[in-house]
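K.L.:
Handing you this structure, nothing more for now.
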Amino acid sequence: MHYSVSMAMNVKSLINIQNNDLTIPTWFNLKNSGKTPIVEQHMELRRLMGVFGQFEGSWKNMLYLTVTPRNDWSSTLPKENRSFFYPGITGSFIFSELLNDTRM
């Protein structure tokens, strides 16, 4: 059995500065206007937390099964839909283990 927990937090700070009515066309400088520049600041915060598990089993060296559940929670989604569940299952069967080889 194997399990892990992960948590990530991203903080993004955005600044937008806009200056209209340029005095000299195509010279993009904040001082190239008689008007005060428009400044907008925006901050984003995102948290992501996840849990992962892996369970493995075998029977008589011929039948193998692995189950891997994962669940993530994201703060950017509505509270009632923040959870994502990712189930996984794999299996294998070794047919050659059924052969009765008496030469060895």
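The values are calculated or read from the model by the stated rules, or taken from the named source; none is laboratory data. The shown structure was predicted, so the numbers you read here are calculated from the model rather than taken from an experiment. Neighbour counts are summed over all protein chains in view; Cβ atoms, including those assigned to glycine, are modelled from backbone coordinates with ideal geometry. Please note that ligands, DNA and RNA were not included when accessible areas were found on the heavy atoms of the full protein model with its side chains. Shrake-Rupley method; radii C 1.70, N 1.55, O 1.52, S 1.80 Å.
K.L.:
Examine the range 54-62 for a residue that is touching a helix residue (DSSP H, G or I) at 6+ places or on another chain (Cβ under 9 Å) and among the basic types (K, R), and state whether such a residue exists.
P.N.:
Within the range 54-62, one or more residues are touching a helix residue (DSSP H, G or I) at 6+ places or on another chain (Cβ under 9 Å) and among the basic types (K, R).
K.L.:
I would also like to ask the following. Determine, yes or no, whether V5 is assigned to a strand (DSSP E or B) and loosely packed, with under 10 Cβ neighbours inside 10 Å.
P.N.:
Yes.
K.L.:
Continuing with this model, one more query. Output the residues belonging to the range 19-46 that are touching a strand residue (DSSP E or B) at 6+ places or on another chain (Cβ under 8 Å) and either surrounded by 14 or more Cβ atoms within 10 Å (Cβ to Cβ) or in contact (Cβ under 8 Å) with a residue 60 or more places away in the chain (or both).
P.N.:
N19
K.L.:
Another one. For the range 53-104, enumerate the residues that are open to solvent by less than 80 Å² (accessible area, probe 1.4 Å), in contact (Cβ under 8 Å) with a residue 24 or more places away in the chain and closer than 30 Å to A8 by Cα.
P.N.:
Result: G53, Q54, T66, D72, S74, S75.
K.L.:
I'd like the full set of residues that are part of a loop (DSSP other than H, G, I, E, B) and in contact with a Leu (Cβ under 9 Å, 6 or more places away or on another chain), limited to the range 50-87.
P.N.:
Answer for the range 50-87, where residues must be part of a loop (DSSP other than H, G, I, E, B) and in contact with a Leu (Cβ under 9 Å, 6 or more places away or on another chain): M62, S75, T76.
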